[in-house]
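S.K.: Quick one: this structure, given as structure tokens, is what I'll be asking you about.
The values are calculated or read from the model by the stated rules, or taken from the named source; none is laboratory data. Given the structure is predicted, the values throughout are model-derived calculations rather than measurements. As a convention, Cβ positions derive from the backbone with ideal geometry for all residues, glycine included, and neighbour counts pool all protein chains shown. Keep in mind that these areas ignore ligands, DNA and RNA; they rest on the heavy atoms of the full protein, side chains included. Shrake-Rupley method; radii C 1.70, N 1.55, O 1.52, S 1.80 Å.
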Amino acid sequence: MARTQFTVHAGNHPRQHCPVWVNSAGLDPGRDYVVVSDESKAALPAQAVETADGVWLAWVIPALEADTSQTFSLEEGPSIGGVALADGKYGLDINLTGDLFTTYHHAAKHNKLFLYPVIGPTGRGMTRGYPMVTDIPGEKHDHPHHKSIHVAHGDVNGVDLWSELDDHGSQRHAAFLPAFGAGSTYVSGPVCGAFRSRSHWVSRSEQPVVAEEKHVVVYAPAPDARMLDIAVTLRATEGPVRFGDTKEGAMLSVRVASSMDADTDGQIENAYGGRGEDECFGARAQWMDYVGPVDGTTVGLAVFDHPTSFRYPTYWHVRNYGLLHANCFAWREFLGHAGVDGSYVLPEGARLRCKFRVYLHTGNTQDARVKERYHDFITPPVVESM
């Protein structure tokens with residue numbers, strides 16, 4: 001194997017547990033690779049991934065100071081650990097170094113498609129179990145439609161795909177597609193795992209309203225952090241689609257574990273330093289972090305919005321009782337007057353896309369350096385092939 005080197009330039013921000021990707025034509029996705037730091041001689045797992053744009057190499061930078069660079073040499077494996085996807089009892093299981101991280105629930109018995117549980121870096125669940133699990137001590141049992149992590153909206157051509165009340169619609173899984181547009185349907189590996197699903201949002205009578213494609217990428221964990229990227233694309237396959245102005249919906253919705261709720265021991269903070277529901281509800285911000293205790297340890301769940309998302313930066317429907325929703329449509333509710341209308345009509349055949357990173361961390365917002373981790377997402381390091 002010819003010697004291949006890559007130089008990673010941190011740029012303006014310090015990097016920590018930061019994924020990097022570089023186009024690497026000629027690599028075999030079926031082989032194991034590592035990248036070796038020319039400075040420390042440490043070998044890091046690397047993964048060749050087949051995509052619609054060719055083969056890309058991915059690895060995770062443990063740490064890199066701002067305005068510095070580091071050169072890596074590519075070698076063949078072996079790599080251990082990482083992310084593994086497999087069909088499980090309740091849906092598509094995603095395991096990290098052998099332990100369950102989350103399951104993508106897509107069975108027809110559910111009205112929504114959702115991720116649950118979501119296991120944080122301390123090994124404990126960070127999203128509410130109800131209504132999937134009803135006997136967790138101390139959990140709130142309100143809003144049964146708040147299913148861990150999901151995507152939904154309450155007015156899609158007049159169809160309620162949010163509340164699960166009378167005459168509500170449903171989300172129906174159709175198929176799993178090649179995870180990166182080419183190659184395997186389920187991608188597992190030492191650096192990341194991924195899947196891509198196609199579904200249909202349907203009315204009470206099962207008539208299709210809009211098509212959804214969801215792309216989820218989960219990265220191998222660090223001792224104090226876990227992260228997954230979720231890209232959601234909605235396509236108007238049945239004619240124009242009107243997304244109504246309502247706070248009841250989200251392009252990404254999270255209900256945190258009840259022990260984290262800000263009306264008890266938790267804390268909400270956004271990218272502008274706003275804290276609590278009074279300062280964060282209805283505000284636009286690049287990210288939102290929900291911090292609180294889980295089994296006595298302070299942890300946080302941050303959602304990052306990407307600049308390529310529709311109506312970036314999003315508005316947030318965030319509540320002290322544990323709700324964290326990225327909602328870009330509810331202008332009337334959020335701005336507090338009737339003279340605005342945040343509804344949007346997606347033309348027939350057109351697409352609407354949002355992209356998020358969910359960052360699970362230990363410590364509070366400042367300890368976890370959430371602001372810097374956001375830049376890992378939107379302005380990642382530049383990788384130069386040598």
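S.K.: When you scan segment 272-305, how many residues do you find that are in contact with an Asp or Glu (Cβ under 9 Å, 6 or more places away or on another chain), assigned to a loop (DSSP other than H, G, I, E, B) and either closer than 20 Å to Ala368 by Cβ or without any contact (Cβ under 8 Å) to a residue 40 or more places away in the chain (or both)?
M.R.: 4
S.K.: Then there's this: Restricting the search to segment 331-362, which residues are surrounded by 16 or more Cβ atoms within 10 Å (Cβ to Cβ) and either over 24 Å from the mean Cα position of the chain (by Cα) or assigned to a loop (DSSP other than H, G, I, E, B) (or both)?
M.R.: Those that are surrounded by 16 or more Cβ atoms within 10 Å (Cβ to Cβ) and either over 24 Å from the mean Cα position of the chain (by Cα) or assigned to a loop (DSSP other than H, G, I, E, B) (or both): Arg332, Glu333, Gly342.
S.K.: When both residues are 6+ apart or on different chains and their Cβ atoms are under 6 Å apart, which pairs have a first residue that lies in segment 317-330 and is modelled with pLDDT of 95 or more and in a loop (DSSP other than H, G, I, E, B), and a second that is open to solvent by 10 Å² or more (accessible area, probe 1.4 Å) and of a type in the set (Lys, Arg)?
M.R.: Listed pairs, sorted by first residue: Cys328/Arg311; Ala330/Lys247.
S.K.: Please specify each residue of segment 8-37 satisfying the condition of being closer than 13 Å to Trp56 by Cβ, open to solvent by 60 Å² or more (accessible area, probe 1.4 Å) and of a type in the set (S, T, N, Q).
M.R.: Asn23
S.K.: Report whether or not Arg196 is of a type in the set (Lys, Arg), more than 16 Å from Met251 (Cα to Cα) and either touching a Phe, Trp or Tyr at 6+ places or on another chain (Cβ under 9 Å) or surrounded by 23 or more Cβ atoms within 10 Å (Cβ to Cβ) (or both).
M.R.: Working: of a type in the set (Lys, Arg): yes; more than 16 Å from Met251 (Cα to Cα): yes; either touching a Phe, Trp or Tyr at 6+ places or on another chain (Cβ under 9 Å) or surrounded by 23 or more Cβ atoms within 10 Å (Cβ to Cβ) (or both): yes.
It is true that Arg196 is of a type in the set (Lys, Arg), more than 16 Å from Met251 (Cα to Cα) and either touching a Phe, Trp or Tyr at 6+ places or on another chain (Cβ under 9 Å) or surrounded by 23 or more Cβ atoms within 10 Å (Cβ to Cβ) (or both).
S.K.: Test Tyr290 against the criterion of being over 16 Å from Leu324 (Cβ atoms) and among the aromatic types (Phe, Trp, Tyr), and give yes or no. Show your work before the answer.
M.R.: Numbers: over 16 Å from Leu324 (Cβ atoms): no; among the aromatic types (Phe, Trp, Tyr): yes.
In short, no.
S.K.: Oh, and also: Suppose the filter is under 19 Å from Gly98 (Cβ atoms) and among the small types (Gly, Ala, Ser); does Ala220 pass it?
M.R.: Yes, satisfied.
S.K.: So Ala52 fits all but one of (1) surrounded by fewer than 17 Cβ atoms within 10 Å (Cβ to Cβ); (2) more than 22 Å from the chain's Cα centre (by Cα); what number is the exception?
M.R.: Unmet for Ala52, out of (1) surrounded by fewer than 17 Cβ atoms within 10 Å (Cβ to Cβ); (2) more than 22 Å from the chain's Cα centre (by Cα): (2).
S.K.: Still on this model: Within segment 232-249, work out how many residues are assigned to a strand (DSSP E or B) and either open to solvent by 10 Å² or more (accessible area, probe 1.4 Å) or modelled with pLDDT under 95 (or both). Step through it out loud before you land on a result.
M.R.: Keep residues of segment 232-249 that are assigned to a strand (DSSP E or B), which gives 232-235, 241-243, 249.
Checking which are either open to solvent by 10 Å² or more (accessible area, probe 1.4 Å) or modelled with pLDDT under 95 (or both) leaves us with 233, 235, 242.
Number satisfying all stated conditions: 3.
S.K.: Moving on. I'm trying to understand the selection: among the residues of segment 222-247, which are more than 20 Å from the chain's Cα centre (by Cα) and closer than 30 Å to Val133 by Cβ? Show your work before the answer.
M.R.: Restricting attention to segment 222-247, the residues satisfying the condition of being more than 20 Å from the chain's Cα centre (by Cα) are 236-247.
Result: Thr246, Lys247.
S.K.: How many residues are aliphatic (A, V, I, L, M) and part of a strand (DSSP E or B) if we restrict to segment 8-27? Talk me through it step by step, then tell me what you get.
M.R.: As a first pass, look at segment 8-27 and keep what is aliphatic (A, V, I, L, M): 8, 10, 20, 22, 25, 27.
Keeping just the survivors that are part of a strand (DSSP E or B) gives 8, 20, 22.
Final tally of qualifying residues: 3.
S.K.: Limited to segment 75-109, what total is found for residues that are without any contact (Cβ under 8 Å) to a residue 12 or more places away in the chain, over 18 Å from the mean Cα position of the chain (by Cα) and either surrounded by 13 or more Cβ atoms within 10 Å (Cβ to Cβ) or in a strand (DSSP E or B) (or both)?
M.R.: 1
S.K.: Looking only at segment 199-227, which residues are assigned to a strand (DSSP E or B), open to solvent by 40 Å² or more (accessible area, probe 1.4 Å) and touching a Lys or Arg at 6+ places or on another chain (Cβ under 8 Å)?
M.R.: His200, Glu213
S.K.: Counting just the residues of segment 111-126 that are more than 19 Å from Glu139 (Cβ to Cβ) and open to solvent by 20 Å² or more (accessible area, probe 1.4 Å), which one comes out nearest to the chain's Cα centre (by Cα)? Write out each step before concluding.
M.R.: First, pick out the residues of segment 111-126 that are more than 19 Å from Glu139 (Cβ to Cβ): 111, 113, 121.
Subset that is open to solvent by 20 Å² or more (accessible area, probe 1.4 Å): 111, 121.
Details: Asn111: 20, Pro121: 16 Å.
For segment 111-126, the residue satisfying everything is Pro121.
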